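See structure below.
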Amino acid sequence: MDWSDGYVAGIDYPAAFFREQSPAHLSFSCVLNGVEPVPLDRPFTYMELGAGQGLTVNILAASNPQGRFYAVDFSPSQVASARRLAESAELDNLVFLENSFAELAAGKVELPPLDFITMYGVYSWVDAGNRRHILDFISRYLKPGGVVYLNYNAMPGWSATLPLQRLILEHTRHHGGTPEHQLAQARTLVDALQQAGAAYFDGNSNLGYRLNSLYKDKAHYLAHEYMSEGWQPLYHADVARAAAGAKLDYIGSGELSHAFPELFLTQEQRALLGDIADPALRETVKDYLANTSFREDVYVRGARRMTPARQEQWLRQTGLALTSLPGPVADTLQLPAGVTRIDTDAAQAILDALAERPHALIELACLPPLRDKSIFDIARLGALLTADGLVSTYFTCSAAMPTAPAQRMNAALAEASRLGDQYQALASPLLGNGVKSGLVQRLLYGLLLRHPHEIDTTAFVDHLRDALRRQGQRLVKDNRTLESDDDIRAELHYLTDAILQRRAPVWRGLQIL
């Protein structure tokens, strides 16, 4: 086996940010699920396995200066890219390593005991041997009470697509060239099979989403999803059983709304699950109810269950902040596991308050529409709004953390945006986390940093137009690519006004601006 251990090489995974990996998000997941979290008002240690180009861990290190961060990837090009971003922000609390999971598991790298170990898009994409190395590493380095975030492609949701992945993988084994070329050839084969009336495609109604992805998503993503030799969707029961060997207890999901099963399970389904004594089997049956294809498991080494009083004590130390200015609240909300109804009056009261500034949960409890609700009810509403992407949680201790590292990181991200759309997020010191951000937003953010007291919309539009032209970026409106300079400038005027009026206030609340 070569140095990539069967994982697709020759094409870097695109830089991406995942808020679920943040210490604050994982600690809040622990609190919602009644488990003692790792305190974030003091130094902590963090490791990301398979960090790729390092955007997530760079943003987390910048927005959590009290933490000491480590990240590893086997790809030298990705490690070099990640280090370059850290250096551009002058981060002194982040170390990147170029090592295999086997080397880490064997203790060949000197590391401290770790409070957090996370990985995104790794565990079911590597082979069984590397999954064992990951668990051996966790067993060696994770502190008692430490938290693991581990996501994976899951069964039974992937069952309909397994033959498609195998077809693409088998095809690439017999056709050389770059991963991009191999994928193009695989698409040609899939086209031919569909045109020939292959029964697999005609009789499989669940394939639509995956086929759409195969034709629309970029090769950088598809190569890692379909062309890794060790790729295998997993059952939760198997993952939890293996994790137990590293003394890990499953405590809940990284999707915060899953802490409240009444939101997405019927009474009959909850009764069915209530009759199942074994936790791993119960969680696996839940996946059959929802046909789950992707899981976000959170594990703790030696989970300490909290009393309701202790849980309330932790909730009093948490808050909510807007990450996007919302419109009117709908009475239903689409969650990953299904549609749920929401208390629109209470939700609107929360969002209206957050539009003024971030609020602690105990402050929100004083709002007239929420006075009859417990802090647990408000936390539940907060989890729902987080799932909708409108808000993010934070711990109130974060408000006192230094902001300079995040400011340097955001300046570096804005500067990089003048050359391309690689880094699509910004760091928030308040959240101890990041927020997604589009290219025009980041370009305008950079202008606001350079000209904080000179808001000249016309000059800003000229700068944005020139920056997009240099990158070969095209503006699209109503499914139509804008061609004329007048149309482009009009759209950029609209976007600039919208960002200044609706996005900039959110950035200020998050200590981004």
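See the values below:
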read-out: Exposure proxy order (Cβ contacts within 10 Å, fewest to most) of 285, 440, 148; value: 285, 440, 148
read-out: Distance (nanometres) between label positions extended 7 Å along Cα→Cβ at residue 325 and residue 217; value: 3.4
read-out: Relative packing of peptides 427-435, 137-145 - highest average C-beta neighbours within 10 Å first; value: 427-435, 137-145
read-out: Hull shadow area, averaged, segment 438-510 [alpha-carbon convex hull, nm²]; value: 5.1
read-out: Surrounding net charge for residue 441, when Lys and Arg each add one and Asp and Glu each subtract one, Cβ distance under 12 Å; value: +3
read-out: Order by protection proxy (mean Cβ within 10 Å, highest first), peptides 219-228, 350-359; value: 219-228, 350-359
read-out: Ranked by how many other beta carbons lie within 10 Å on average, peptides 449-457, 61-69, 210-218, 388-396 from highest; value: 61-69, 388-396, 210-218, 449-457
read-out: Cα→Cβ-extended label distance, 7 Å offset, between residue 167 and residue 278, nm; value: 3.5
read-out: Fraction of beta bridges assigned by DSSP in the chain that are antiparallel (%, nearest 5); value: 60
read-out: Förster radius 45 Å - calculated FRET efficiency between residue 501 and residue 196 (Cβ-Cβ, nearest 0.05); value: 0.25
read-out: Exceeding the 23 Å Cα-Cα cut-off - candidates 286/436; 108/143; 218/477; 216/477; 143/286; 216/436; value: 286/436; 143/286
read-out: Per residue Cα convex hull volume in Å³ - calculated over segment 114-216; value: 137
read-out: Three-way shape call for segment 310-399 based on the alpha-carbon gyration tensor, with the a/c threshold at 1.5; value: rounded
read-out: FRET efficiency, residue 419 to residue 289 (Cβ-Cβ, R0 60 Å, nearest 0.05); value: 0.80
read-out: Per residue, the convex hull volume that the Cα atoms of segment 205-287 enclose (Å³); value: 157
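Readers should treat all values here as calculations from the given coordinates under stated rules, not as data from a laboratory. Nothing here was measured: the structure is a model prediction, and the numbers come from that model. Quick reminder, even Gly has a Cβ in these numbers, built from the backbone with ideal geometry, and neighbours come from all protein chains shown.
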